[in-house]
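Take a look at the structure below.
The values are calculated or read from the model by the stated rules, or taken from the named source; none is laboratory data. Everything numeric in this text was worked out from a predicted model, so none of it was measured. Positions of Cβ are generated from backbone atoms using ideal geometry, with glycine treated the same way; all protein chains shown enter the neighbour counts. To get the accessible areas, we keep the full protein, side chains included, count just its heavy atoms, and leave off ligands, DNA and RNA. Shrake-Rupley method; radii C 1.70, N 1.55, O 1.52, S 1.80 Å.
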Amino acid sequence: MPNQDKVAFVHPNAAAWANAKQNTQVVSGGEPIQRVLVANRGEIAVRILRTLKHLGLESVLAVSKADRNSLGARMADRSVCIGPARATDSYLQIGTLVQAALGTGAHAIHPGYGFLSERAEFAQACEDNQIIFIGPTAQQIHRVGDKLEARRIAQAAQVPVTPGGPVQGLDEALAMAERIGYPVLIKAVGGGGGRGLKRADTPQQLAGLFELAGAEALAAFGDGRVYIECFVRQGRHVEVQVLGDGTRVIHLGDRDCSVQRRYQKLIEEAPAPGLPDKLRADLRQAAVRFAESIAYRGAGTVEFLVDVIRGQFYFLEMNARIQVEHPVTELVTGIDLVEQQLNIAQGRRLAFTQDDIRIQGHAIECRINAEDPDRDFAPSPGRVLEAYFPAGQGVRVDTHIEAGATISPFYDSMMGKVMAVGANRDQARTRLLQALAQTRLTGITTNIALHQTVLETPEFVRGGVDTGFLGRYLAKEFDAGVQENP
Amino acid sequence: MSFSHADVENIIKLLDASHFDELLLEVDGVKLQLRRNGAGSAQMSGASQALGSASATPSVAQVGQPASAIGAAGAAVAPEAVQAESSHDTSLLEVRAPMLGTFYRCPKPGAEPFVSVGSRVDENTVVGIIEVMKLMNSTAAGVQGEIVEILVNDGDLVEYDQPLMRVRA
């Protein structure tokens, strides 16, 4: 395989940010962080370690037995084994992770995404043990994690929410659905990311699903409360990246994550293509208002559903953590979000004002999963024989995969993200296609070929697809496949 | 001032549990020099081995591998010794940490350790405590036999699955 020219993408604003960093002041007497325990795995662990190294900070990576020989374990200054492969016995053990930080002299814990990143008890346990939790306060996590409370916060901040609300019992649910109109969604208060969600198109369906939804929610989230929302037939998933220092909140523009399969995002881009200027500005302002109203501290994302037909947007939820798709924002702003998280966690004020933020160009990300689109996306765990990732102008890859790495059946199947940035959307898309064509992963089945075909569909090329796009596309392809092989 | 046999035993235990290879103690004209096997001259290491085995139970002396009482550390171990060490290493069982935490050998500060080199253990014998967030978790040996080596120090952070002790079945 010929060696690629490694040309790093440097945002035109990067130098300005580096200067701005020097001028930030520490406001809440926090000790500067010297050593950070990373309580996560996979590509995000590697991503966080990279910024820690860049900043000259010491790193400790908490690893399960299955991840002892991972790329992250070798990148970190030290790794400690926290438990067996199963996440409930390792990456989800609050006490063990806090003890690991105490025992290795780490001053702070970065929770990454998933696992314990949005568990208020974890943030609280850190606070109780004088460890800096690199994220929002325990109280903020708790408030935005409760869907009904988040809706109340949104309403109080004049952020539009989907018509609907909490209901107790079937009679209330039926009355609510009658008022807002079918179809409706039954959502679990404790759910998120598409879990605990049911659609009812008629009163009969609602009656049939309602009790079940409550029972399932109780079993899955330990909270049986549900609420009803009107179902948006043609919606786009658009989210806004925010940064808050506890006093001031700014936004870093929007991202579109509408290419989803069963509520799992597959392709994300920044900025969201083709949004009317006013809608985009209103959406960004709404996200800032929401975060300001709770004096948000840290990096966060406010998610919205954009109703394409009505030209309106509704608050979905706030994610109080770094997100998988954060790099597309980094690529168009030149800002290292993990570095900002570290600055904020140390009590520093934001280094930028809103006017400093410039969105330049367009970035697209494909999540590379070890799964087989031809077998209903069944996970494809195993050993990676060859791993070659692309490089070049405007290309970025965040991954923990290398030749010989094992895709463990214990964790999610994401192998990394291949991204491209360009002066405009089409340049980014073309670069991404070239990057995907260079990517070589053997030994396991991946969804790379699917990404390549999706990026070339007329709908995606045009931009602004809705969340039903991928499902319709897959159904069509699947039917075609059946016809070809009678 | 003179050392009793028990004093010397205790000093050896301290060295044993530490990560040091050598101890030199001079009190009122009495000179006590202890070295792990392999460190220093053959004569001295021989002496320390003898002391090492004396500190443990007689059964350690019986097996004729005093080196194991103090551990295989030391760069100058003779090739024969390395061979002997590795050949019987394979027959040794390991007590591994069931969780990450701070390891304690004693039930409370200043108390006698749960087990020492030479102690006989069975599956349920408590060999130490692992503290996780102020919760004290008793750690059982999980294997049967005689402890021939203790690999961690009191108060060490131990990782999940880290070998704590070696046991001869």
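Only residues that are assigned to a loop (DSSP other than H, G, I, E, B), of a type in the set (A, V, I, L, M) and on the phi < 0 side of the Ramachandran plot: list them for the stretch A:263-311, please. Full working, then the answer.
Taking the stretch A:263-311 and keeping what is assigned to a loop (DSSP other than H, G, I, E, B), we get A:263, A:271-276, A:294-296, A:308-311.
Of the ones still in play, those that are also of a type in the set (A, V, I, L, M) are A:272, A:275, A:294-295, A:308-309.
Answer for the stretch A:263-311, where residues must be assigned to a loop (DSSP other than H, G, I, E, B), of a type in the set (A, V, I, L, M) and on the phi < 0 side of the Ramachandran plot: A:272, A:275, A:294, A:308, A:309.
Right, residue A:402: in contact with a strand residue (DSSP E or B) (Cβ under 8 Å, 6 or more places away or on another chain) and either surrounded by fewer than 17 Cβ atoms within 10 Å (Cβ to Cβ) or of a type in the set (S, T, N, Q) (or both) or not?
Working: in contact with a strand residue (DSSP E or B) (Cβ under 8 Å, 6 or more places away or on another chain): yes; either surrounded by fewer than 17 Cβ atoms within 10 Å (Cβ to Cβ) or of a type in the set (S, T, N, Q) (or both): yes.
Answer is yes for this residue.
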Requested in this report: Would you be able to tell me the number of residues in the stretch A:273-298 that are buried (at least 17 other Cβ atoms within 10 Å of the Cβ) and in contact with a helix residue (DSSP H, G or I) (Cβ under 7 Å, 6 or more places away or on another chain)?
Outcome: 6
Query raised in the report: Any residue at all in the stretch A:236-248 that is open to solvent by less than 20 Å² (accessible area, probe 1.4 Å) and in a loop (DSSP other than H, G, I, E, B)?
Result: no
Query raised in the report: Do we have any residue at all in the stretch A:122-130 that's open to solvent by 30 Å² or more (accessible area, probe 1.4 Å) and not in a helix (DSSP H, G or I)?
Result: yes
Query raised in the report: Of the residues in the stretch A:100-150, how many are of a type in the set (S, T, N, Q) and either at positive phi or touching a Ser or Thr at 6+ places or on another chain (Cβ under 6 Å) (or both)?
Result: 1
**Report entry** Filtered residues of the stretch A:419-430 (kept if out of contact with any His (no Cβ under 8 Å at 6 or more places or on another chain), surrounded by 14 or more Cβ atoms within 10 Å (Cβ to Cβ) and farther than 14 Å from residue A:328 by Cα)
**Finding:** A:430
Report summary line: Just one listed residue, out of A:46, A:38, A:7, is among the β-branched types (Val, Ile, Thr), modelled with pLDDT under 95 and either under 27 Å from residue A:390 (Cα atoms) or surrounded by fewer than 16 Cβ atoms within 10 Å (Cβ to Cβ) (or both), and it is A:7
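Yes/no per residue for (1) within 12 Å of another protein chain (Cβ to nearest Cβ); (2) closer than 15 Å to residue A:411 by Cα; (3) of a type in the set (S, T, N, Q):
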site: A:74; (1), (2), (3): no, no, no
site: A:81; (1), (2), (3): yes, no, no
site: A:86; (1), (2), (3): yes, yes, no
site: A:90; (1), (2), (3): yes, yes, yes
site: A:94; (1), (2), (3): yes, no, no
site: A:112; (1), (2), (3): no, yes, no
Query - Some residue of the stretch B:90-110 being among the small types (Gly, Ala, Ser) and crowded, with 16+ Cβ neighbours inside 10 Å - result: yes
**Report entry** strands (runs of 3 or more DSSP E) contained entirely in the stretch A:142-224, each with at least 1 residues that are open to solvent by less than 20 Å² (accessible area, probe 1.4 Å) and closer than 20 Å to residue A:313 by Cα
**Finding:** A:164-166, A:184-192
Report task. Can you tell me which residue within the stretch B:1-32, out of those that are within 22 Å of residue B:165 (Cα to Cα), assigned to a loop (DSSP other than H, G, I, E, B) and open to solvent by 90 Å² or more (accessible area, probe 1.4 Å), is modelled with the lowest pLDDT? Result -> B:19
Query raised in the report: Looking at this structure, is residue A:139 modelled with pLDDT of 95 or more and open to solvent by 20 Å² or more (accessible area, probe 1.4 Å)?
Result: yes
Requested in this report: Would you check which residues across the stretch A:135-180 are β-branched (Val, Ile, Thr) and either in contact with a Cys (Cβ under 9 Å, 6 or more places away or on another chain) or farther than 29 Å from residue A:347 by Cβ (or both) and list them?
Outcome: A:161, A:162, A:167, A:180
Query - Every residue from the stretch B:130-157 that is open to solvent by less than 20 Å² (accessible area, probe 1.4 Å), more than 16 Å from the chain's Cα centre (by Cα) and within 14 Å of chain A (Cβ to nearest Cβ) - result: B:130, B:132
Query raised in the report: Any residue at all in the stretch A:96-106 that is more than 11 Å from chain B (Cβ to nearest Cβ) and surrounded by fewer than 22 Cβ atoms within 10 Å (Cβ to Cβ)?
Result: no
Query - Counted residues, the stretch A:340-395 - those being part of a strand (DSSP E or B) and surrounded by fewer than 21 Cβ atoms within 10 Å (Cβ to Cβ) - result: 9
Requested in this report: Scan the stretch A:55-84 for residues that are over 23 Å from the mean Cα position of the chain (by Cα) and touching a residue at least 60 places away in the same chain (Cβ under 8 Å) and jot them down.
Outcome: A:55, A:57, A:66
